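Undergrad: Input: one structure, supplied below.
The values are calculated or read from the model by the stated rules, or taken from the named source; none is laboratory data. Treat the numbers as computed from the prediction; the structure is a model and nothing was measured. We place every Cβ from the backbone using ideal geometry, glycine too, and count neighbours over all the protein chains shown.
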Amino acid sequence: MRRLALATMAVFLVVGAFGIAKVLHHPRDAVTAVATPAPLHDMTPITLKPGQQACEDAVALSPGTRVIRIYSGAPTPEVPQLRVTVHGEGYRAQVLSPAGAGAGTGSDGVYDTRIPAPSRSALTTVCVQTAQRSGQSAILAGSREARVRSRSTTTVDGRPSETKLGLVLLSGGPRSAASHPKEVLQRAAAFDPPFIGWFTLALVGLLAVIGVPAATVWAALRALRDDGV
Amino acid sequence: MLSRNWRARASAFPRPLAALLAAATVLSIGWALFTPPLSGPDESGHAAYVQQLAQTGHGPHAGDTDGKPVSSEMEALIGWRNLDSVIGVATARPGWSAAERAAWERAVRDADRGDGTGPNPLAQNPPLYYGYDAIAYQVGRGWSLPTRLLLMRLANLPLLWIVIGCGWLAIGEVFRRAGVFARTVGTGAIALLPMVTFMSGVINPDIALTAVSTAAIALSLAAVRIGPRPATLLGLGVLAALAVLIHARGLALLPPIALVILMVLWRGRRDVSAGRLLGLGAGAVLLAAIGVLTAIAISNGHAGTTSFSGEVTGSSSSGLGDLSGLLDYVWQFYFSPLTGMAPPPADVVLGYRQIFVEQFLGGEFGSLEVHYADAVYRALQVAQGLGLIALVVVFARRWERVRAHAAQAVVLLGFVVSTLLLLHVAAWQDLAAPPHASLLAGRYLLPLVSVFAIALTAVVASVPPRAKVVLGSAVLASGAALSVAGLLLTVVRFDA
């Protein structure tokens, strides 16, 4: 009977382990910070005529940040190119979003603009305007949804806007959690007391992943032994 | 001598229960460490309540007040570590960066800890759990707020152990000869139910209410077996008082506890003198009444009149006045609407699958934005459906045994009916009145987790031996796998 129990549990635990492995290896956006989340259900456009500028403050840059993602409110092949300016705490950069049509140009719904690597973490203000001084307006995706909240304020031409501009910072292309476990644990430890670092969290994680199934199997086998079967 | 006694007691402690307690403890610590501060269900409001109570000796207020919902210290943490942004939004991330940490450290330097006087929407909650958690807050008084919040989460561990221990006892009361394995499976269904350990890893009174409710169910089952003893009857009175002092949903425990006391007194009328019975009954009622009146006084004092009883009279004037609407809503919660049935007046109304399967049996973490794959919930729904069918078959085939244990069956049914009735009435009243919010959540079913475990044990104990081993092992392994997966999904959601 105990072998039967062991075999049954092994089947379920292996299926579980497969599911967990799938989650850990699933590629996700390589986010380094989210200044304001993208709209959830109701997108509110922020229209920038040539010369107009939308800014978002208190945007956290990390040494690993390479890309600023802004969402297009009207993704078509003819979206205008954006000029993105980042400044604050010793960092300054002015860059253009990728031109033409294709991934990250706005035509696919996102403007992924590469920025120079920051030397250290900094709180900055990110400003966006159309690259050309005349021509087409840029329509960016903002949100007035109650659930979309952030400490950053959005301004358009210096005036506070009720519509928050979705703005995310990335380190590059998508990657899985399993590809950078130490960084994941360091992030998790950022909120814990100083004496609980990433290594302690790794131990707790291992204890959960190995110890919980082991204790469960042991409990079942011991119970069967206590029952005399 | 003393150490020999202790050793004897330790060796008599059921080893499978010890293993399940250890597993649940690791999971609870994992949830406490890996869930960012204030990111659990309504956690900032609960934590703000504890902080206000610990700092000033008074709870926060609801409604129109001049203060702030959270203290300046907590406000700085929430703002600079991006903790408001992550609530319920899966694409948001907490602020991990060194720059945000530095900004928070600057902001928090002279920040007031005791100015979170309200408005706090949770001010209507009675103070018992918050007072309990305030002890952990005071222990960590000299440390930073995140450390105090972690200590407050870890203070839930004894409550988790009560849930699991009392679950073990409750199952043992119902199945005295079912064997250790069946009991282990039932208790494992509690200890490894992801929502149980998750809720014990965040600051929330639901785990305290679950502990008291599970203890009340275990004690009720014992009371109908052993008859009118002071410890059981007065104990039930104390548990009734504790339940309403933790949360207004604790009101659901009053009718079944009253029923149990009446049953016990009736069954003991031949063996115990009428005066003693009357004294015991009156004592239990008095204890419960003290609890209820204290809870009402404190709750209404902090949130205006009728706030505590709002759990039953609702936030609307129309709620209980529209009984056919309530019946229509309850029908549509469980089944497809019948012809002519009006849908509940809300854009999104959660039903059986969302509440019982997704939010209770499987679990949703963070602030309900961390999910398993839909296939997992589908599998759980099928398993739960099959389990319910099996339970009906077990009842039908073993009807004589069920009748022989009618008192225990009535006790369990009493807790289930009373809890579901209160939840549905409260939910309907929130739905019926503007802004027509659907406020029912799967974690509100946690006080019934021991009944769920008993039902599961009934099925496991009733099948042939080989099937029992396969079914029981499958339940335990699924619980372990789901718990670990839920924890890792949370890590990936917040930190990857």
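Undergrad: Evaluate segment A:153-176: report whether one residue or more is within 16 Å of the chain's Cα centre (by Cα), more than 9 Å from chain B (Cβ to nearest Cβ) and among the polar types (S, T, N, Q).
TA: Among the residues of segment A:153-176, at least one is within 16 Å of the chain's Cα centre (by Cα), more than 9 Å from chain B (Cβ to nearest Cβ) and among the polar types (S, T, N, Q), which makes the answer yes.
Undergrad: I've got another one for you. Determine which member of the set A:213, A:193 is part of a loop (DSSP other than H, G, I, E, B), assigned by TED's automatic domain parsing to the domain that holds residue A:19 and under 29 Å from residue B:24 (Cβ atoms).
TA: Numbers: A:213 fails: part of a loop (DSSP other than H, G, I, E, B).
Matching residue, one of A:213, A:193: A:193.
Undergrad: Also: Quick check, is residue A:130 surrounded by 15 or more Cβ atoms within 10 Å (Cβ to Cβ) and either touching a helix residue (DSSP H, G or I) at 6+ places or on another chain (Cβ under 9 Å) or within 21 Å of residue A:152 (Cα to Cα) (or both)? Lay out the reasoning, then the answer.
TA: Numbers: surrounded by 15 or more Cβ atoms within 10 Å (Cβ to Cβ): yes; either touching a helix residue (DSSP H, G or I) at 6+ places or on another chain (Cβ under 9 Å) or within 21 Å of residue A:152 (Cα to Cα) (or both): no.
It is false that residue A:130 is surrounded by 15 or more Cβ atoms within 10 Å (Cβ to Cβ) and either touching a helix residue (DSSP H, G or I) at 6+ places or on another chain (Cβ under 9 Å) or within 21 Å of residue A:152 (Cα to Cα) (or both).
Undergrad: Sticking with this structure for a sec: When you go through A:10, A:74 one by one, which is the residue that is within 30 Å of residue A:223 (Cα to Cα) and out of contact with any Lys or Arg (no Cβ under 6 Å at 6 or more places or on another chain)? If you could, list the steps in order and put the result at the bottom.
TA: Values: A:74 fails: within 30 Å of residue A:223 (Cα to Cα).
Matching residue, one of A:10, A:74: A:10.
Undergrad: Counting only residues that are facing another protein chain (nearest Cβ under 7 Å), touching an Asp or Glu at 6+ places or on another chain (Cβ under 8 Å) and surrounded by 16 or more Cβ atoms within 10 Å (Cβ to Cβ), give me the helices (runs of 4 or more DSSP H) lying completely in segment B:1-105 with at least 3 of them. Before the answer, list the steps.
TA: Working: elements: B:2-12, B:15-34, B:43-56, B:72-80.
Hits in segment B:1-105: B:15-34.
Undergrad: All but one of (1) buried (at least 24 other Cβ atoms within 10 Å of the Cβ); (2) part of a helix (DSSP H, G or I); (3) more than 13 Å from every other protein chain (Cβ to nearest Cβ) hold for residue B:187; state the number of the condition that does not hold.
TA: (3)
Undergrad: Looking at residue A:186 and the list (1) surrounded by 19 or more Cβ atoms within 10 Å (Cβ to Cβ); (2) more than 15 Å from the chain's Cα centre (by Cα); (3) within 11 Å of another protein chain (Cβ to nearest Cβ), which single condition is not satisfied?
TA: Residue A:186 satisfies all of (1) surrounded by 19 or more Cβ atoms within 10 Å (Cβ to Cβ); (2) more than 15 Å from the chain's Cα centre (by Cα); (3) within 11 Å of another protein chain (Cβ to nearest Cβ) except (1).
Undergrad: From the list A:95, A:79, A:110, exactly one residue is under 22 Å from the mean Cα position of the chain (by Cα) and touching a residue at least 40 places away in the same chain (Cβ under 8 Å). Which is it?
TA: A:110
Undergrad: All but one of (1) within 30 Å of residue B:36 (Cα to Cα); (2) surrounded by fewer than 24 Cβ atoms within 10 Å (Cβ to Cβ) hold for residue B:246, so report the exception by its number.
TA: Answer for residue B:246: the failing condition is (2).
Undergrad: With segment B:197-290 as the region, which helices (runs of 4 or more DSSP H) entirely inside it contain at least 3 residues that are under 15 Å from residue B:445 (Cα atoms) and at pLDDT 95 or above?
TA: B:206-226
Undergrad: Quick one: which residue in A:39, A:27 is within 30 Å of residue A:113 (Cβ to Cβ), more than 8 Å from every other protein chain (Cβ to nearest Cβ), buried (at least 17 other Cβ atoms within 10 Å of the Cβ) and not hydrophobic (A, V, I, L, M, F, W, C)?
TA: Working: A:27 fails: buried (at least 17 other Cβ atoms within 10 Å of the Cβ).
A:39 is the lone residue from the list that is within 30 Å of residue A:113 (Cβ to Cβ), more than 8 Å from every other protein chain (Cβ to nearest Cβ), buried (at least 17 other Cβ atoms within 10 Å of the Cβ) and not hydrophobic (A, V, I, L, M, F, W, C).
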